[in-house]
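Readers should treat all values here as calculations from the given coordinates under stated rules, not as data from a laboratory. Because the structure is predicted, anything quoted here is derived from the model rather than measured. Don't worry about glycine lacking a Cβ; one is built from the backbone with ideal geometry, like all the others, and counts go over all protein chains shown.
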C-alpha cells in the first residue's frame, strides 16, 4: 500500500483540501480528505506539510494522525489474515468500518438494508443474527465450511432441517456481500448445500370448495370459511388479507381490483382482479377501517381444521392452502403463469412454476386443446 499527500484540487477562492491518495493496487485506490483546507502558499509540496499558518503544527499533527490510522488499519488486517481493500479502508476512515466479527458485519449490513425490508422480514432477520450470536462469535474468514456444518448441527438441535433454510440463506447473503467488499476471502457456502423444502403443497379441488360453500352452522366457522374462500379467490396471504382496507380497492373499466403491497416483500404492488364472489364477501364483512374482522392466524387455522372435519375434507387446512388453491385453480382455468406470478406477488415466475408442476389436468387439457397426438 502507498500513500501520497496532494494539495492541487483548488476551490474557486484558491484554497484546497489536503488529501490522501491511497493506493492498494493499480486498480484499487481512492482519495480521502484530511480535513485540512489551506491556501496554495501555505503548503510545502516538497516537505508535504503545512507552512505559514497560525495553526501549522496542529494541522500537520492532524494529517499525521490520519496517516497513522491508515497504517494501523493495514497492520491490523495483515495480522488477522484478512484482505485489505480500498472500500473497507474507506469505510473504516469514515468510522463505519465493519467489525472483525462476521456477526457484527451482518448486523451492520442488515441495519443498512432496513429501509428496503418490510418490518416483519427485518425482525425475523434480526432474530437470525441473535441466534447466530448464541451459536458463536465468528471472526471474518473463520466462517468456513466446517463452521457452517457446526452451525447447521446447532440449528438442528431445536428445529427441523427444513426450518434451517431461512437461517442459512440469511447468513449466505451477507457472507457473499463480505466477499464482494473484500472482507472475506471466499464464499464459505460454495460447497454447502442448503436444504430444500420438501413439504407438499396442499390445495383444494373445485368439489372441495363447493363443499365449503355449502357449509351452514356455527357463525364463527362461517366467518372463517368466508375469509378462507376470499383467499382462494384472490391468492392473498393471510397477513395481507387481514390488513386490507377500502383504500386498497380500485375500479378499472367496470372491474374491481385490489392494489396492495405485500407485507413480506413491500417492493411492488400486487394487482388482483376481484371476482363477483370475492366482492360479495367484502360487502358482507366490510368494516369502517379494515375490510374484514380481525382473527389470529393460529385461531383461523384451528377453525379451518374444524370446518374441514365437518365437510369431510381429508386435508390439513391452513390459511396458506387458500393461496395454493388460487394458484392451482387459476392455472387449470388457463391463466398465464406470468399473470399468476404477479397476482401472488412473486419475484419471478420460477417461484410460481411449482404450481404448474402440480396441474396434471391442465397438461391434459392443453394437449387436447391443441390436438397434439404426435410430433
Note down the Stokes-Einstein diffusion coefficient of segment 50-160 in µm²/s, whole number, using a Kirkwood radius over alpha carbon pairs, 37 °C, and 0.692 mPa s.
192 µm²/s
For 311, 232, what's the fewest-to-most ordering of other Cβ within 10 Å of each Cβ?
311, 232
Quote the Stokes-Einstein diffusion coefficient, in whole µm² s⁻¹, for segment 143-197, based on the Kirkwood radius over alpha carbon pairs, a temperature of 37 °C and a viscosity of 0.692 mPa s.
283 µm²/s
Cα convex hull of segment 102-180, projected area averaged across orientations, nm²
5.1 nm²
If you take every DSSP beta bridge whose two residues both sit in segment 2-93, what share of them, in percent to the nearest 5, is antiparallel?
100 percent
Report the Cα centroid-to-centroid distance between segment 1-64 and segment 83-155 in angstrom, as an integer.
35 Å
Enter the Cα centre distance for the pair segment 199-226 and segment 229-264, rounded to the nearest angstrom.
19 Å
By how many degrees, 0 to 90 and rounded to 10, does the Cα axis of helix 219-234 deviate from the longest principal axis of the chain?
60 degrees
If I take every Cα pair under 8 Å that is 6 or more residues apart in the chain, average their sequence separation and divide by the length, what percent do I get for the relative contact order?
11 percent
Semi-axis lengths (Å, descending) of the ellipsoid that matches the C-alpha gyration tensor of the chain:
59, 25, 21
Taking only Cα atoms and a 10 Å spring cutoff, compute GNM fluctuations for the chain and point out the largest among 150, 270, 231.
150
Here the averaged projected area of segment 178-220, based on the convex hull of its alpha-carbon atoms and given in nm², is 7.4 nm²
Cα long-axis angle, helix 56-80 against the chain (0 to 90 degrees, to the nearest 10)
50 degrees
Computed over the chain: longest principal axis from alpha-carbon atoms vs helix 276-285 long axis, angle to nearest 10 degrees, is 80 degrees
The chain, helix-only ellipticity at 222 nm - DSSP H runs n ≥ 4, -39,500 (n - 2.57), divided by all residues, nearest 500
-15500 deg cm²/dmol
Under 10 Å, Cα contacts only: if you run a Gaussian network model on the chain, which one of 94, 136, 69 comes out with the highest mean-square fluctuation?
94
Convex hull volume of segment 2-93 per residue (C-alpha atoms, cubic angstrom):
103 Å³
